[in-house]
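What follows is a short report on a single structure.
Only the coordinates and a few stated rules stand behind these numbers; no lab work does. A quick note: this is a predicted structure, and the numbers were derived from the prediction, not measured. Using ideal geometry, Cβ is built from the backbone for each residue, glycine included, and neighbour counts are taken over all protein chains shown.
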Amino acid sequence: MFNTVSGKKVAILGFTFKKDTGDTRETPAIDVCKGLLGDKSKLSIYDPQVNEDQIQRDLAMNKFDWDHPLHLQPVSPTNVKQVSAVCGAYTATKDAHAVYIHTEWDEFKNLDYKKIYDNM
């Protein structure tokens, strides 16, 4: 990656705190994604239990805003343009420069990583 992720697409597989849940509170993926965004990378995120609205909201929040009731949580006025939430692992990894597997979803164990590598 030539010592930079700037302008590079990074696929994030899994966004939740742990598998088999839709809970994103305190997930380290938020900090990882914010760090990558700070370095100007483009993110393609896939998690089987988290929708794009939740991902955008989590990335727009300050730390611990999630602790407030939903109606008091900030809503992102504009989507983070460098982030796209997609509907599958193969879509997320297509044309990616790197893959970051965050959550240990069982479906990630059975992916065809040769196919993913060939499409990166």
> What ranking of Tyr90, Tyr117 emerges when the number of other C-beta atoms within 10 Å of each C-beta is taken as an exposure proxy, fewest first?
Replying inline: Tyr117, Tyr90
>> Can you sort Cys87, Cys33 from fewest to most other Cβ atoms within 10 Å of each residue's own Cβ?
In response: Cys87, Cys33
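Under 20 °C and 1.002 mPa s, how fast does the chain diffuse according to Stokes-Einstein, given a Kirkwood radius computed over C-alpha pairs? Answer in µm²/s, whole number.
Rounded, D is 146 µm²/s.
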>> Please list, in order along the range 49-56, the HN-Hα scalar couplings obtained from phi with the Karplus expression 6.51 cos²θ - 1.76 cosθ + 1.60 (θ = phi - 60°), rounded to whole Hz, x for Gly and Pro.
In response: 10, 10, 8, 5, 4, 5, 4, 4
> Taking other Cβ within 10 Å of each residue's Cβ, how do Val32, Val5 sort, fewest first?
Replying inline: Val32, Val5
> From the backbone phi of the range 2-10, what are the Karplus-calculated ³J(HN,Hα) couplings (6.51 cos²θ - 1.76 cosθ + 1.60, θ = phi - 60°) in whole Hz, Gly and Pro given as x?
Replying inline: 6, 6, 8, 10, 4, x, 9, 8, 10
> Roughly how many debye, to the nearest 20, is the charge dipole of the chain about its Cα centre, given +1 on each Lys and Arg Cβ, -1 on each Asp and Glu Cβ, and no other charges?
Replying inline: 480 debye
> For the charge dipole of the chain, defined by +1 on Lys and Arg C-beta atoms and -1 on Asp and Glu C-beta atoms about the Cα centroid, which residue among Val83, Trp105, Gln56 has the Cα displaced farthest towards the positive pole?
Replying inline: Val83
>> Tell me which of Thr93, Asn3, Thr16 sits at the most positive position along the dipole axis of the chain, charges placed on C-beta atoms (Lys, Arg +1; Asp, Glu -1).
In response: Asn3
> Amide H neighbours of Ile45 under 5 Å, counting only residues 5+ apart in sequence or on other chains, H built in-plane at 1.01 Å?
Replying inline: Ile12, Ser84, Ala85, Val86
> Which angle between 0 and 90 degrees, to the nearest 10, do you get for helix 28-38 versus the longest principal axis of the chain when only C-alpha atoms count?
Replying inline: 80 degrees
> For the chain, what is the mean residue ellipticity at 222 nm derived from helices alone (per DSSP H run of n ≥ 4: -39500 (n - 2.57); sum divided by total residues; nearest 500 deg cm²/dmol)?
Replying inline: -7500 deg cm²/dmol
